[in-house]
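S.K.: This is the structure I want to talk about, given as structure tokens.
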Amino acid sequence: MHDANIQRLLQQRSFTELGARQRARALLDAGSFRELLDPFARLESPWLARQGIVPQADDGVVVAKGLLDGQPAVIIAIEGAFQGGSLGEVGGAKIAGALELAAADNRHGIPTRAVLLLETGGVRLQEANLGLAAIAEIQAAIVELRQYQPVIGLVAGPVGCFGGMSIAAGLCSYLLVTREARLGLNGPQVIEQEAGIDEYDSRDRPFIWSLTGGEQRHASGLVDGYVADDVEQIRGQLLALFAKGKPALERSRRHAWFLERLQGVDTSVQADAAAVRSTYQGEQP
Amino acid sequence: MQTLSFEFPAGQPARGRALVGCVGSGDLEVLLEPGTAGTLAIQVVTSVNGSAARWQQLFERLLRAQQLPALNIAIHDFGATPGVVRLRLEQGLEELNHA
């Protein structure tokens, strides 16, 4: 048993420990990785340096074209280690443009499908309105592309997916998470600041993960797959979701059902993981 | 934040290009591209002000042991220690050899 555990750990290839570019390369078919607007294109944020912040040559977004199980694909990976994966004008435009190109491919008979590797705190505050506008464009592009092909969002961790990009995640055809992932509109510190530490202690990690962590989101039916932090297993789940084709009805189009469930919540009691799960359980349309 | 420029003598232009690292806390991004024959040009954008002498010494120490090909090196530094910088530079040079 001891040896079996060691063997299992030795064979595991962590996905979350990879950087954005390595993640995209690991998921695409071997040898098919081709980056659009790579770091040597020097398309970095024009706003960060003016505010005394060191920019990154790719603005924290990797757009990789290639093949996924022999099919044309684009993988868009956000680098969580650069500025918390925040999205500004340039990075946001790279994502929106890549999704729009994939939709154009589909209109021309090339069935390009998209995977979003979401590792982001949402809009980059230093680029406020420009980042928000870019996120709106990303959301519109996801809705356009998902008419043709499934758009799959993967939240692997450790940053998680928050803010406007959590709404973008909600628009994806399918969502895949690991245990390390978190998904929520507001991050823990923002909620603590607004609601008070008695209600939401951002330093209480088990509490935070019990409400917004990957396992909880899966048990609540808010995501479609829950996967171990392993490159092969993640790739396998992505392919399985693509094989299902487009969902009959996207999660975001089931808003009426979700609103009805949320209206039944008793806000006078502190929510816990079990209460949230039972809120979201029930016959889904 | 500060932008620093350095120049050192070098050999013939490098063949390929390479990127290593990330502008994350305590880390840096290094982009290496072929330069003009005879010149190693390094531009550093760093979050740490007043660190010019430290960078100068770090590059001099790296070049004491080896002659580098002509390169344009761009560094985006987010508070990396000299040890991390040295490792990233060595990693970038190694990647060039495999490019």
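S.K.: So, counting K/R as plus one and D/E as minus one, what does the shell of residues with Cβ under 11 Å around A:D59 add up to?
M.R.: Here the charged neighbours net out to -2.
S.K.: On the Cα set of the stretch B:2-98, report Rg and Dmax in Å, please.
M.R.: Reported Rg and Dmax, both Å: 12.3, 35.
S.K.: Using the per-residue mean of other Cβ atoms lying within 10 Å as a proxy for protection, in what order, highest first, do the peptides A:247-258, A:143-154 fall?
M.R.: Ranking the peptides A:247-258, A:143-154 by packing returns A:143-154, A:247-258.
S.K.: Counting Lys and Arg as +1 and Asp and Glu as -1, what is the net charge of the other residues whose Cβ lies under 15 Å from the Cβ of A:V155?
M.R.: Overall, the nearby charge balance is -1.
S.K.: With +1 on each Lys and Arg Cβ and -1 on each Asp and Glu Cβ, and nothing else charged, work out how big the dipole of the stretch B:2-98 is about its Cα centre, in Debye to the nearest 20.
M.R.: My answer is approximately 180 debye.
S.K.: Here is a further query. Of the DSSP beta bridges with both residues in chain A, give the percent that are antiparallel, rounding to the nearest 5.
M.R.: 40
S.K.: Quote the charge dipole size of the stretch A:1-124 about the Cα centre in Debye, to the nearest 20; the model charges only the Cβ of Lys and Arg (+1) and of Asp and Glu (-1).
M.R.: Here the stretch A:1-124 has a charge dipole of around 60 debye.
S.K.: Ignore the peptide's own chain and count Cβ atoms of other chains within 10 Å of each Cβ in A:49-56; give me the average, rounded.
M.R.: 5
S.K.: May I pose another question? Using all C-alpha to C-alpha distances in chain A, build P(r) with 10 Å bins and read off the rounded percent in each one.
M.R.: For chain A, the pair-distance distribution reads 6, 28, 35, 22, 8, 0.
S.K.: With unit charges on the beta carbons (Lys and Arg positive, Asp and Glu negative) and the dipole taken about the Cα centre of the protein assembly as shown, which residue among A:G214, A:A275, B:Q91 sits farthest to the positive side?
M.R.: Towards the positive end, the residue furthest out is B:Q91.
S.K.: Here's something else I'd like to know. Determine which residues of the stretch A:144-178 fall in the zone a paramagnetic label at A:Q71 would reach in this model, i.e. backbone nitrogen under 12 Å from the point 7 Å along Cα→Cβ.
M.R.: A:148-152
S.K.: If you don't mind, another one. With runs of 4+ DSSP H residues as the only contributors, calculate the mean residue ellipticity of chain A at 222 nm using -39,500 (n - 2.57) per run, divided by the residue total and rounded to the nearest 500.
M.R.: Helix-only estimate at 222 nm: -12000 deg cm²/dmol.
S.K.: I need the phi-derived Karplus couplings for the stretch A:110-115: 6.51 cos²θ - 1.76 cosθ + 1.60, θ = phi - 60°, integer Hz, Gly and Pro marked x.
M.R.: Result, rounded to whole Hz: 9, x, 5, 10, 10, 10.
S.K.: Given a Förster distance of 35 Å, report the FRET efficiency between B:Q56 and A:S14 from their Cβ-Cβ distance, rounded to the nearest 0.05.
M.R.: In this case the efficiency is close to 0.40.
S.K.: HN-Hα J couplings of the stretch A:217-225 from phi, Karplus 6.51/-1.76/1.60, θ = phi - 60°, integer Hz, Gly and Pro as x?
M.R.: 3J(HN,Hα) across the stretch A:217-225, in whole Hz: 5, 5, 5, 8, x, 8, 9, 9, x.
S.K.: Based on alpha-carbon centroids, what's the gap between the stretch A:219-285 and the stretch A:30-94 in Å, whole number please?
M.R.: Cα centroid to Cα centroid, the span is 28 Å.
S.K.: Once you charge only the Cβ atoms, +1 for Lys and Arg and -1 for Asp and Glu, what is the size of the charge dipole of the protein assembly as shown about its Cα centre, to the nearest 20 debye?
M.R.: Result for the protein assembly as shown is approximately 720 debye, rounded to the nearest 20.
S.K.: Starting from the amide H of B:G11, placed 1.01 Å from N in the peptide plane, find each other amide H under 5 Å away whose residue is 5 or more places distant or on another chain.
M.R.: The answer is B:G38, B:L68, B:A70.
S.K.: Among A:N129, A:A114, A:V190, which residue has its Cα furthest toward the positive end of the charge dipole of the stretch A:12-247, with +1 on Lys/Arg Cβ and -1 on Asp/Glu Cβ?
M.R.: A:A114
S.K.: Further question: What order do you get for A:182-189, B:87-94, A:114-121 when each peptide is scored by the mean count of other beta carbon atoms within 10 Å, highest first?
M.R.: Peptide ranking by packing, descending: A:114-121, A:182-189, B:87-94.
S.K.: Another question, then. Name the residue from A:F258, A:L9, A:L37 whose Cα lies farthest towards the positive end of the charge dipole of chain A, charges +1 on Cβ of Lys and Arg and -1 on Cβ of Asp and Glu.
M.R.: It is A:L37, whose Cα lies furthest towards the positive end.
S.K.: Oh, and also: Angle between the Cα long axis of helix B:82-98 and the longest principal axis of chain B, 0 to 90 degrees, nearest 10?
M.R.: Result, in degrees: 30.
Bear in mind that the values in this text are calculations on the coordinates, not laboratory data. Just so it is clear, the model here is predicted, and its values are computed rather than measured. Ideal geometry is used to build each Cβ from the backbone, glycine not excepted, and the neighbour counts take in all protein chains shown.
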